[in-house]
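The values are calculated or read from the model by the stated rules, or taken from the named source; none is laboratory data. Computed from a prediction, not measured in an experiment: that's the story for all the values here. FYI the Cβ positions are ideal-geometry reconstructions off the backbone, even for glycines, and counts take in every protein chain you see.
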Amino acid sequence: MSEVIPAQAAFREGMSRLGAAVNLITTDGQAGRHGMTATAVCSVTDSPPTLLVCVNQRTKSHDMFVENGVLCVNVLTGEHEELSGRFARFSEDDRFAYGTWEHAITGAPVLANALAAFDCRIVDRLNRGTHSVFICEVDVTLNGNADDGLVWFGRTYHRLPPPG
């Protein structure tokens with residue numbers, strides 16, 4: 001039988017076993033430019049193209065996403081592991097000094113060599129516990145050319161080989 005551990009600790013351990021793509025969630029607008037690393041991203045529907053993005057309400061990013069009303073989900077490749085770490089840490093450094101950044105429709109920063117980038121407008125928000133679930137309609141999807149993908153599993157990065 002499995003070891004009995006407190007519910008929150010068991011949940012966190014279980015979630016560490018749920019592999020997920022690593023993404024940079026970026027925004028720009030009246031509140032300024034900012035970004036963070038996230039794995040809590042999921043498709044909702046393709047008609048209209050819609051994603052959900054979960055963000056802790058206590059982060060600086062959260063309020064900037066709310067005020068700007070736009071975000072871009074930049075799906076990372078294996079070569080972006082260091083960049084992911086830069087966006088995951090609290091730092092006063094300009095995170096956008098690393099990588100090559102462009103813009104699509106919303107004005108949110110798009111990583112030029114992302115595996116995919118979903119440029120979105122936040123159309124709804126659900127607050128649950130410590131997090132907000134942003135419902136985001138995708139204005140444009142940009143698909144890049146990469147050799148591999150980057151996932152977070154077992155509290156560490158893993159590179160996925162290219163399909164085929």
Across the stretch 24-76, what is the number of residues that are more than 12 Å from the chain's Cα centre (by Cα) and part of a loop (DSSP other than H, G, I, E, B)?
12
Can you give me the number of residues within the stretch 1-25 that are surrounded by 10 or more Cβ atoms within 10 Å (Cβ to Cβ), of a type outside the set (G, A, S) and at pLDDT below 65?
1
Check the stretch 50-71 and report whether any residue there is within 23 Å of N145 (Cβ to Cβ), surrounded by 15 or more Cβ atoms within 10 Å (Cβ to Cβ) and touching a helix residue (DSSP H, G or I) at 6+ places or on another chain (Cβ under 8 Å).
no
Is it the case, given these coordinates, that G85 is over 19 Å from C42 (Cα atoms), surrounded by 18 or more Cβ atoms within 10 Å (Cβ to Cβ) and at pLDDT below 95?
no
Kindly state which strands (runs of 3 or more DSSP E) lie completely within the stretch 77-164 and contain at least 1 residues that are in contact with a Lys or Arg (Cβ under 8 Å, 6 or more places away or on another chain).
109-111, 131-143, 149-153
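Listed here are the residues, each with its yes/no results for (1) under 15 Å from the mean Cα position of the chain (by Cα); (2) at positive phi; (3) without any contact (Cβ under 8 Å) to a residue 60 or more places away in the chain; (4) surrounded by 16 or more Cβ atoms within 10 Å (Cβ to Cβ).
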{"position": "D93", "(1), (2), (3), (4)": "no, no, yes, no"}
{"position": "A108", "(1), (2), (3), (4)": "yes, no, no, yes"}
{"position": "D119", "(1), (2), (3), (4)": "yes, no, yes, yes"}
{"position": "I122", "(1), (2), (3), (4)": "yes, no, yes, yes"}
{"position": "C136", "(1), (2), (3), (4)": "yes, no, no, yes"}
{"position": "Y157", "(1), (2), (3), (4)": "yes, no, no, yes"}
Considering the stretch 138-155 alone, what residues qualify as being buried (at least 16 other Cβ atoms within 10 Å of the Cβ) and either of a type in the set (F, W, Y) or at pLDDT 95 or above (or both)?
V138, D139, L142, W152
